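What follows is a short report on a single structure.
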Amino acid sequence: MDTSTPPVTAGSPGALIEERLSEQLAAVVAAARRRASLGGDRQVDTAHLLHGLLESDPVVRAFLGGGGPQTAKLLGYLAQRSIGYGLRWQEAVESTGRRTAARAGAVLLPGWSPAAAAAMDVALGRAAARGAVRAEGVDLFAGIASDADSRAADVLRTAGVDVRGLAAGLAAGLAAMAPDPCRRT
């Protein structure tokens with residue numbers, strides 16, 4: 001039985017979303033898809049996305065102390081997914097505690113868990129809120145951190161990260177980056 005995530009084809013929701021991602025974030029998404037497929041997972045979930053962000057995005061690592069011991073601990077937990085830490089997730093779909101996942105116009109991505117799709121929806125919304133055409137890794141990180149029930153949030157908490165504080169800091173960062181409609185350029 002093939003449990004790999006479906007490929008992205010032209011005109012599919014995944015292809016349309018990828019047009020709205022920075023080059024770096026598109027690479028993170030590709031790595032998450034690859035990791036899910038290699039691990040025999042039916043869906044890309046927030047832990048796959050977090051793993052990719054930690055490996056490739058220095059801004060995300062900066063929110064966790066710049067890539068030091070905490071990042072190493074997180075990567076260790078994520079690497080153990082298929083042999084230890086993540087065994088309880090096998091054969092289960094990652095849901096979301098977030099109400100926004102069911103709202104009209106929310107991102108629906110085949111082969112993605114509801115929580116991962118909701119995190120991407122948050123990322124695209126953050127990019128739009130600051131007037132950007134493409135979402136960045138930090139936008140997806142904010143989406144992941146904002147769902148306290150996600151697998152990624154579970155991994156973050158296990159590694160000692162204050163997920164609520166992280167989500168609040170990322171939300172405050174968006175407010176600081178948002179364009180000021182009264183400012184003249």
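The values are calculated or read from the model by the stated rules, or taken from the named source; none is laboratory data. Note that the structure is predicted; figures quoted are calculated from it, not measured. All accessible areas refer to the heavy atoms of the entire protein, side chains included, with ligands and DNA or RNA removed. Shrake-Rupley method; radii C 1.70, N 1.55, O 1.52, S 1.80 Å.
For TRP112, list long-range residues whose amide hydrogen, built 1.01 Å from N in the peptide plane, is under 5 Å from its own amide hydrogen.
For TRP112, the qualifying residues are VAL44.
Suppose the chain between ALA129 and GLU23 were pulled fully straight at 0.36 nm per residue; how much longer would it get relative to their current alpha carbon spacing? Each step should come with its number before you reach the end.
Values: separation 106, 0.36 × 106 = 38.16 nm, distance 1.94 nm.
Gain on stretching ALA129 to GLU23: 36.2 nm.
What does the accessible area of GLU55 come to, in Å² to the nearest 10, when a probe of 1.4 Å is used?
For GLU55, the solvent-accessible surface is approximately 100 Å².
Based on the inverse mean of 1/r over its pairs of different Cα atoms, what is the Kirkwood hydrodynamic radius of the stretch 112-171, in Å? Intermediate results must be reported in sequence, preceding the final value.
Values: mean 1/r = 0.0870 Å⁻¹.
When all Cα pairs of the stretch 112-171 are included, the Kirkwood radius is 11.5 Å.
Taking H placed 1.01 Å from N in the peptide plane, check which residues at least 5 places from LEU21 or on another chain put their amide H under 5 Å from its amide H.
Hits under the 5 Å cutoff: ALA135.
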